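Encoded as structure tokens, the structure appears first; notes follow it.
The values are calculated or read from the model by the stated rules, or taken from the named source; none is laboratory data. As the structure is a computational prediction, the values presented were derived from the model and not from experiment. Ideal geometry is used to build each Cβ from the backbone, glycine not excepted, and the neighbour counts take in all protein chains shown. We work out accessible area using only protein heavy atoms, side chains counted, and drop any ligands, DNA or RNA first. Shrake-Rupley method; radii C 1.70, N 1.55, O 1.52, S 1.80 Å.
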Amino acid sequence: MKVLVIEDDPTVGQFVKRGLEEARWTVDLVADGEEGEQLAKNQPYDLVVLDLRLPGRSGQQVLRNLRARGFEKPVLVLTAQDAVDAKVETLRAGADDYVTKPFAFEELLARVEALARRPRAIVSPKLTVADLEVDLDAREVKRAGEPIELTPKEFLVLEYLARHVGRVLSRTLITEYAWGYHFDPGTNIVDVVINHLRKKIDAPHEKKLIHTVRGVGYVLKP
């Protein structure tokens, strides 16, 4: 198994490299974001360990660029930021998991091994629920083939529901995803956006896709 470590701190980079090699991984270590991105695109790595603060190109941009070009291998992010909204943003950008610095190597190794065991499904840029289609790349929504115009926040809420079809999502989870961790949880903005989505997506059709679970939240399901 071959892993690419992109980390500009030489102490941390050598620490991770040595530990993974002792665990019988083949490891390449680079300290520059741009160089790391090129290696990831051109070499057959099984996994990437990626620091966010890098010279040349930030880890966040490297991650977005790789995912935009169809890179499907697991990416484990190393971050010194422990705020929830920063972690959510990292996962949205395409990370499979993250470890917060400082970390114990045993934790990093366990997460690397778990990602290596996880089967990687081919990620489609389109989410489909019944006759509803959400195109993540084009940021377009259609139902029964008819385009639906949504605001950016409406699209984010619908995207989150569509990524978790059949799962009831609380207002808190929806708020954190679409507005960020520091948004006032006491506001009714989620209910307002859900009502707008219902008018645009469900009202013109006999079959309703957006459902309320009283006291819990909302769910998108056929």
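The set of residues in the range 33-49 that are over 20 Å from residue 116 (Cα atoms) and open to solvent by 40 Å² or more (accessible area, probe 1.4 Å) comprises 34, 35, 38. Could you list, in sequence order, the residues of the range 45-85 that are under 19 Å from residue 101 (Cβ atoms) and part of a helix (DSSP H, G or I)? 59, 60, 62, 63, 84, 85, listed by residue number.
Within the range 180-193, not a single residue is buried (at least 17 other Cβ atoms within 10 Å of the Cβ), over 20 Å from residue 92 (Cβ atoms), at pLDDT 95 or above and not hydroxyl-bearing (Ser, Thr, Tyr). Restricting 20, 52 to residues that are over 27 Å from residue 125 (Cα atoms) and surrounded by 19 or more Cβ atoms within 10 Å (Cβ to Cβ) narrows the list to 20.
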